[in-house]
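The values are calculated or read from the model by the stated rules, or taken from the named source; none is laboratory data. What you see is a predicted model, and the numbers here were worked out from it, not measured in a lab. We place every Cβ from the backbone using ideal geometry, glycine too, and count neighbours over all the protein chains shown. Heads up: the accessible areas ignore ligands, DNA and RNA and are worked out on the full protein's heavy atoms, side chains in. Shrake-Rupley method; radii C 1.70, N 1.55, O 1.52, S 1.80 Å.
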Amino acid sequence: MRGNQTSVTEFILLGFPLKPSMQMLLFGLFSLFYAFTLLGNGLIFGLICLESRLHTPMYFFLSHLAIVDIAYACNTVPQMLVNLLNPAKPISFAGCMTQTFLFLTLAHTECLLLVMMSYDCYVAICHPLRYSAIMSWKVCISLVVTSWSVGFLLALVHLGLLLPLPFCGSQKINHFFCEIISVLKLACADTHINKVMVLSGAVSVLVGPFSSIVVSYIHIVHAILKTGSGEGHQKAFSTCSSHLCVVGLFYGTAIAIYVGPQNENSKEQEKYLLLFHSLFNPMLNPLIYSLRNKEVKNGLIKLFLKERPS
């Protein structure tokens, strides 16, 4: 029955309407960014695993953020690079659904991991004497498992609503990957429930968590200002500034895409925002943490000095 309904077995990703010369330029540029993303996040993950001084809750969360960013880039960028070289090359129905599912899983998981990291900052600054008791390894592992599990289950709900839809019209997805809203536009059925679920999911994993992060940082700033030491202010702000930069980049683009007002004129803008969200955010995250975090910089210096021949 489902085979009769779903006559479309593959899709064409339209990507970006560009001249061939520009496509080749972007292929080289995006390939470079992709390599930097894998290298930077792989380096952060490896450093956290190897450096015993980084075996703390904050870096435990950061290691999972690096895993998410690597998977994020691997899910969307290779297909985009293929399309830049050969715009007519299709993606299979199964491949498209898998890409949509992985993107949603990783996006939801990253939202929740950033909340866990803000909670860690809050406990470290507002309750320093109870930090070890509150942020025990059992609690940290539970928070990370919860983030991955909720991300997986929310994505599974969207996939469960998407798969039964019949696709019997156009094969052309106006995007550089199988983004769920763009895929829903090709369905030959009423997708109102799907769109409501996408909006509800976006509000629940973007607006709710972002609000909790804002509340956490209000308490953090209040606690920092209560301390009399200027050096204490600087150290506390340094601890949390990297996380704030990542939160601003991630939530800012995601909320603009999925929670902001939707109209036809903004579709191309949203495509470029998602490009930033999928390619540049994962590349910038390790740079932000390594450049603004003294412990990471010291760990990198120690690692490279150890690798140099005596």
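Computed quantities for the displayed model
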{"read-out": "Table column - 3J(HN,Hα) (Hz), the stretch 22-34, Karplus curve with 6.51, -1.76, 1.60, x for Gly and Pro", "value": "5, 4, 5, 5, 5, 4, x, 5, 5, 4, 5, 4, 4"}
{"read-out": "Residues with amide H under 5 Å from that of L13, placed H, sequence gap 5 or more", "value": "I91, I173"}
{"read-out": "Radius of gyration, Dmax [the chain; alpha carbons; angstrom]", "value": "21.2, 72"}
{"read-out": "Accessible area per residue, Å², the chain with all protein chains present, probe 1.4 Å", "value": "49"}
{"read-out": "For the stretch 108-146 versus the stretch 3-53, the gap between their alpha-carbon centres in whole angstrom", "value": "30"}
{"read-out": "Value of [θ]222 nm, deg cm²/dmol, for the chain, DSSP H segments ≥ 4, -39500 (n - 2.57) each, nearest 500", "value": "-24500 deg cm²/dmol"}
{"read-out": "Top of L284, L13, L165 by mean-square fluctuation, Gaussian network on the chain, Cα under 10 Å", "value": "L165"}
{"read-out": "Cα principal axis extents for the stretch 1-129, largest first, Å", "value": "61, 44, 24"}
{"read-out": "Karplus-derived 3J(HN,Hα), 6.51/-1.76/1.60, for each residue of the stretch 124-137, Hz, glycine and proline x", "value": "4, 9, 8, 9, x, 6, 9, 4, 4, 6, 6, 9, 6, 5"}
{"read-out": "Environment charge of L54, counting only residues whose C-beta is closer than 13 Å and scoring Lys/Arg +1, Asp/Glu -1", "value": "+2"}
{"read-out": "Alpha-carbon radius of gyration plus Dmax, which is the widest Cα pair, for the stretch 51-190 in Å", "value": "19.2, 62"}
{"read-out": "Of every Cα-Cα pair in the stretch 99-144, the percent that sits beyond 11 Å", "value": "68"}
{"read-out": "Estimated vicinal HN-Hα couplings, Hz - the stretch 195-210 in sequence order (Karplus 6.51, -1.76, 1.60; Gly, Pro = x)", "value": "5, 5, 5, 5, 5, 4, x, 5, 5, 6, 9, 10, 5, x, x, 4"}
